[in-house]
Amino acid sequence: MTTPTTPARVRRQLPTSPWLFAAPGLLVTGAFVLYPFVSTLINSFTDRRTLLPGRFVGLANFRELLHDDMFWTGLRNSTLYIVGVVPALVVLPLLLALLVQKNIPGITFFRAAFYTPVVASIVVVGLIWVWLLDERGLINSLLESVGIGRVGFLSDQWLLLLSAMTVTVWKGLGYYMIIYLAALANVPRELHEAAAVDGAGPVRRFLSVTVPAVRSTMVLVAALSSVAAFKVFSEVYLMAGPSGGPAGEDTTLVMLVQRTGTGLTGRVGYASALSVVVFAVTVVLMLLVLRADRREEP
């Protein structure tokens, strides 16, 4: 019985070799994720300003939050953003995915068209919508031409917030549509055929076959869109301006962090406390969504 010969030269793998491969990623993560997180957490307990190191003040920043009207305004708007955006981004992309899933002539064009807003710059998208919704914009010109009159989409507190939600939904449809397309590709066709044989119509098949099959994906979309909606900044900032709309009534929490912690006199400590609250709320949102998913599991 012959045994395989051992090569003359055997390269020994150093124990540190895996760490050498992981080192670039770990350095980037430590420099741009871990260090800023720890620094923000430490600063939240100080009265640090942009040009001043600050001193330890304990929970003073968090106590100040409770008496800050702008904090409650930002929390209200961020919460309303979740309520207005998340249901739309859970349902509409699923319906859109069902439409573009079919292999019919020209469907590739529509898939690309629906995904185009995702790759477009949020600044470009925001400016386009500002031009459309402005007092002298295209939409108001059309409304005036049919006798309805001009609508203050960007001057009314609630219409401005609703307009920003519309932009968020419009831009996110294509992204979540791709996620649903991947989930729908794994749904067995036999289930739809069996339901059709039993006399189930399209709506019944959608509710009884499609929705249960992609329920885990719907939970994922709900979690992702909830966190993104609560941390919204660009859409509201571009449409409402740095002031946050009329009297700052459309300010979100992330906008408040940016406004408070930037500039030569920025209150870095207080802005860090706001950031910690935003982080804590997003973690709670994720846990609530995951817990709701587990409760619905049989």
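The values are calculated or read from the model by the stated rules, or taken from the named source; none is laboratory data. What you are looking at is a predicted structure, and each value in this text was computed from that prediction instead of being measured. Using ideal geometry, Cβ is built from the backbone for each residue, glycine included, and neighbour counts are taken over all protein chains shown. What goes into the accessible areas is simple: the full protein's heavy atoms, side chains included, and nothing from ligands, DNA or RNA. Shrake-Rupley method; radii C 1.70, N 1.55, O 1.52, S 1.80 Å.
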- Accessible area per residue in Å² at 1.4 Å probe, computed on the chain: 62
- Note on the structure: Looks like region 44-107, by Cα gyration tensor root eigenvalues a ≥ b ≥ c and the a/c under 1.5 rounded cutoff (else prolate when a/b is bigger than b/c, oblate otherwise), is prolate
- Determine the share of the chain's accessible area contributed by carbon and sulfur atoms, expressed in whole percent, with a 1.4 angstrom probe. 68
- Item | Inter-label distance, nm, simple model (7 Å from Cα along the C-beta direction), ASN186/ILE148 | 4.2
- Only Lys, Arg, Asp and Glu count, each charged at its Cβ (+1, +1, -1, -1), so figure out the dipole size of region 59-295 about its Cα centre, rounded to 20 debye. 620
- Alpha-carbon centroid distance for the pair region 38-78 / region 242-298, whole angstrom: 12
- Query: What percent does the relative contact order of region 140-254 come to when contacts are Cα pairs within less than 8 Å and at least six residues apart?
  - Reply: 33
- Using the Kirkwood formula over every pair of different C-alpha atoms, what hydrodynamic radius in Å results for region 1-160? 23.5
- Can you give the convex hull volume per residue for the Cα atoms of region 176-298, as a whole number of Å³? 143
- Item | Placed amide H near THR46: partners under 5 Å, 5+ positions off or other chain | VAL57
- Item | Taking only Cα atoms of region 172-225, radius of gyration then Dmax in Å | 12.3, 37
- Message: Over 5 Å intervals from 0, what percent of Cα-Cα pairs in region 59-295 sits in each interval?
- Response: 1, 6, 11, 14, 15, 14, 12, 10, 7, 5, 2, 1, 0, 0, 0
- Query: Size of the dipole of region 143-198 about the Cα centre, Lys and Arg at +1 and Asp and Glu at -1 on the beta carbon, nothing else charged, in debye to 20?
  - Reply: 260
- Length-normalised contact order for the chain - Cα pairs under 8 Å, 6+ apart - percent: 30
- Task: Return the calculated 222 nm mean residue ellipticity for the chain, to the nearest 500 deg cm²/dmol, obtained by summing -39500 (n - 2.57) across DSSP H runs with n ≥ 4 and dividing by the residue count.
- Result: -21000 deg cm²/dmol
- Message: As a test of reading the structure, rank GLU135, GLU190, GLU249 by solvent-accessible area (1.4 Å probe, protein chains only), most first.
- Response: GLU190, GLU135, GLU249
- Query: Among all helices in the chain defined by DSSP H, which have a length of 27 Å or more along the axis from Cα atoms plus a Kyte-Doolittle mean of at least -0.5?
  - Reply: 69-100, 157-184, 268-296
- Got a number for the accessible area of LEU98? Probe 1.4 Å, square angstrom, nearest 10. 50
- Message: Along the Cα→Cβ direction, 7 angstrom out, place labels at TYR35 and LEU127. What is the inter-label distance in nm?
- Response: 3.3
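Between ARG215 and SER17, what's the calculated FRET efficiency when r is the beta-carbon distance and R0 is 41 Å? Round to 0.05.
The calculated FRET efficiency here is 0.45.
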